[in-house]
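K.L.:
Below is a structure I'd like to ask you about.
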């Protein structure tokens, strides 16, 4: 049996990744494909926690830029992440993967409250845990949630699954054909160069807690498994 490099991972999924080419909402075919890849990783015995964004439904910063109170807009974004988490949970369980959703916003009818020790116990029992609702506070992104939860549950790595981008570049590769891809960076490189990998709060939190980051293209089939096995894909930040 193949031995994974990482035993406990936090996978950061953007909301846009669940929308597919339609760009908005939840595409069941796309979500099923992600769930099938996660099942392969789960079958390796890897403990999987997931932080999912909500940009496919609502983005708080967009609402704020249109005149909405920022805190109110961010709370709406947190609710969007919960919708995505429930969709992902349902699809994973249809694939035979036991899954729990933990929300930082109290919604006891549909999700457990976030409790660190309970989350760790679920992982030990080989259940996938989806962290929804962001940090539960406005002004913090789901990138920051990923770094925070990874530190809390002692994850080995954060897997940053990007929608169509295969790593970290010195410029936007979709706009600049001369953009150069980095294979390895330090967290300080990311912060000092202003690279748009995570927001600065998330990068600092990852650096302070020595949590490595692997940035890779989610759209290439099998990449989640490759990242867990430690294959040289994307960009590694440590």
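K.L.:
Taking neighbour counts of Cβ atoms within 10 Å as a proxy for exposure, in what order, fewest first, do 206, 192 appear? Write out the running numbers ahead of the final one.
P.N.:
Details: 206 27, 192 9.
Fewest-to-most ranking of 206, 192: 192, 206.
K.L.:
Dividing the alpha-carbon Rg of segment 24-79 by 2.2 N^0.38 Å yields what? Before the final figure, lay out the partial values.
P.N.:
Working: Rg = 15.6 Å, N = 56, 2.2 N^0.38 = 10.2 Å.
That ratio works out to 1.54.
K.L.:
Okay, next question. What is the projected area of the convex hull of the Cα atoms of segment 49-188, averaged over all directions, in nm²?
P.N.:
Details: hull surface 41.6 nm².
If I average the Cα hull's projected area over directions, I get 10.4 nm².
K.L.:
For residue 109 and residue 124 in one chain, what is 0.36 nm times their gap in residues minus the Cα-Cα distance, to one decimal in nm?
P.N.:
Numbers: separation 15, 0.36 × 15 = 5.40 nm, distance 2.42 nm.
Length gained between residue 109 and residue 124: 3.0 nm.
K.L.:
Label residue 175 and residue 231 with points 7 Å out from Cα along Cα→Cβ: what is the distance between them in nm?
P.N.:
3.2
K.L.:
Grab every C-alpha pair in segment 152-199, bin the distances at 5 angstrom width from 0 up to the longest one, and report whole percents.
P.N.:
4, 18, 27, 25, 16, 6, 3, 1
K.L.:
Measuring from centroid to centroid over Cα atoms, what is the spacing of segment 43-119 and segment 173-197 in Å?
P.N.:
Spelled out, the Cα-based centre of one part sits 28 Å from the other.
K.L.:
Short version: what are the Cα gyration tensor semi-axes of segment 111-187, square root of 5 times each eigenvalue, largest first, in whole Å?
P.N.:
On the way: eigenvalues 195, 43, 25 Å².
In descending order, the three semi-axes are 31, 15, 11 Å.
K.L.:
Points 7 angstrom from Cα along the Cβ direction at residue 137 and residue 62: gap in nanometres?
P.N.:
Distance between the two pseudo-spin positions: 2.6 nm.
K.L.:
Please compute, for the alpha-carbon atoms of the chain, the extent along each of the three principal axes and give them in descending order in Å.
P.N.:
55, 49, 36
K.L.:
Among 68-76, 105-113, what's the highest-first ranking by average C-beta atoms within 10 angstrom per residue?
P.N.:
Working: 68-76: 15.9, 105-113: 13.8.
Highest to lowest by the protection proxy: 68-76, 105-113.
K.L.:
Another question, if that's okay. Considering only DSSP beta bridges whose two residues both sit in the chain, what percent are antiparallel, to the nearest 5? Don't skip to the answer; put the middle values down first.
P.N.:
On the way: 5 of 33 bridges.
Once the DSSP bridges in the chain are tallied, antiparallel ones form about 15 percent.
A short reminder: the numbers here are calculations on the coordinates, not readings from a lab. These numbers come from a predicted model, not from an experiment. So basically every Cβ, Gly included, is an ideal-geometry build from the backbone, and we count neighbours across all protein chains shown.
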